[in-house]
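Q: Attaching a single structure in C-alpha cells format; questions to follow.
The values are calculated or read from the model by the stated rules, or taken from the named source; none is laboratory data. What you see is a predicted model; the values in this text were computed from it and never measured. Counting neighbours? That spans all protein chains shown, and the Cβs are built from the backbone with ideal geometry, glycine included. Remember, those area values only see protein heavy atoms, side chains included, never the ligands or the DNA or RNA. Shrake-Rupley method; radii C 1.70, N 1.55, O 1.52, S 1.80 Å.
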Amino acid sequence: MNAKSAISKEIFAPHDERMLGAVQVKRRTKKKIPFLATGGQGEYLTYICLSVTNKKPAQASITKVKQFEGSTSFVRRTQWMLEQLRQVNGIDPNRDSPEFDLLFENAFDQWVANTASEKCTFFQVLHHTCQRYLTDKKPEFINCQSKIMGGNSILHSAADSVTSAVQKASQALNERGERLGRAEEKTEELKNSAQQFAETAHKLAMKHKC
C-alpha cells in the first residue's frame with residue numbers, strides 16, 4: 001500500500017471522511033520552531049491532503065499530515081476548513097514548477113512538491129473541489145497554468161476526448177448514410193432506365209414482328 005492510500009485509510013476513513021487528493025511537500029523556507037515543539041521526533045515527511053465528509057451536507061477540508069522517521073503510521077496535524085482558504089499561488093503560470101503557496105485566514109505556507117506533475121494534479125483536484133463545495137468565498141487562484149483552471153484539466157480532457165470520438169463516429173455514420181442514400185437513388189434510376197429500355201425494346205420487337 002502506498003503512502004497516500006495508507007493516509008486515506010488511517011487518517012480519514014475512521015472519521016467518515018473521503019480523501020480526494022494529497023501532495024507530498026517540503027517547506028521552501030524553514031520555520032523557526034523550538035525543538036520541544038516537535039516533541040524531539042526528528043525528521044518527518046509532510047503531506048497536504050484534501051478531504052470531504054461522507055455525511056451530508058458534505059464539508060471539505062485541507063489537512064497537514066506527517067509521518068515521522070522510523071514510524072509506519074501517520075499523524076494528523078493542522079486542519080483547515082476549505083472556506084478558510086483564501087489564495088492558491090502557483091508561482092509561475094508559464095512553466096511546470098513544483099513550488100506553490102497556500103494562504104489561509106490565519107496561516108501562510110510556502111511549499112515545494114515532490115514533482116511539478118504531482119502539484120498540478122493536486123491543484124486540479126483542489127480547484128474542482130472549491131467549485132463544487134464552496135458557494136461563496138471561493139479562494140483566488142493566481143499564477144496558475146491554464147490546464148489547472150478547468151479548460152485542460154484531466155477530467156475535462158477526458159470528457160473532450162469522448163465527445164470528439166462521438167462526434168467523429170456520428171459524422172462517419174451520417175456520411176455513410178448519405179453515400180447509401182445516393183447509392184439507393186442511383187440504383188432506382190438504373191432500375192427505371194432498364195425498365196424503360198425493356199419496354200421500348202419489346203414495342204420495337206412487336207412492331208417488326210407485325
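Q: Give me a count of the residues in region 76-98 that are under 19 Å from Q24 (Cβ atoms) and either outside any strand (DSSP E or B) or open to solvent by 50 Å² or more (accessible area, probe 1.4 Å) (or both).
A: Residues meeting the conditions: 9.
Q: Continuing with the same structure: Residue by residue through region 99-111, note down the ones that are in contact (Cβ under 8 Å) with a residue 60 or more places away in the chain and either over 12 Å from K26 (Cβ atoms) or open to solvent by 40 Å² or more (accessible area, probe 1.4 Å) (or both). Can you show your working first?
A: In the first step, residues of region 99-111 are kept if they are in contact (Cβ under 8 Å) with a residue 60 or more places away in the chain; the result is 99, 109-111.
Across region 99-111, the qualifying residues are E99, Q110.
Q: I'd like the full set of residues that are basic (K, R) and over 26 Å from R18 (Cβ atoms), limited to region 89-137. First the steps, then the outcome.
A: Step one: filter region 89-137 for residues basic (K, R), giving 95, 119, 132, 137.
Answer for region 89-137, where residues must be basic (K, R) and over 26 Å from R18 (Cβ atoms): just R95.
Q: What number of residues within region 1-26 are among the acidic types (D, E) and surrounded by fewer than 20 Cβ atoms within 10 Å (Cβ to Cβ)?
A: Of all residues in region 1-26, those among the acidic types (D, E) come to 10, 16-17.
This time we only want the ones that are surrounded by fewer than 20 Cβ atoms within 10 Å (Cβ to Cβ), so: 10, 16.
Selection size over region 1-26: 2.
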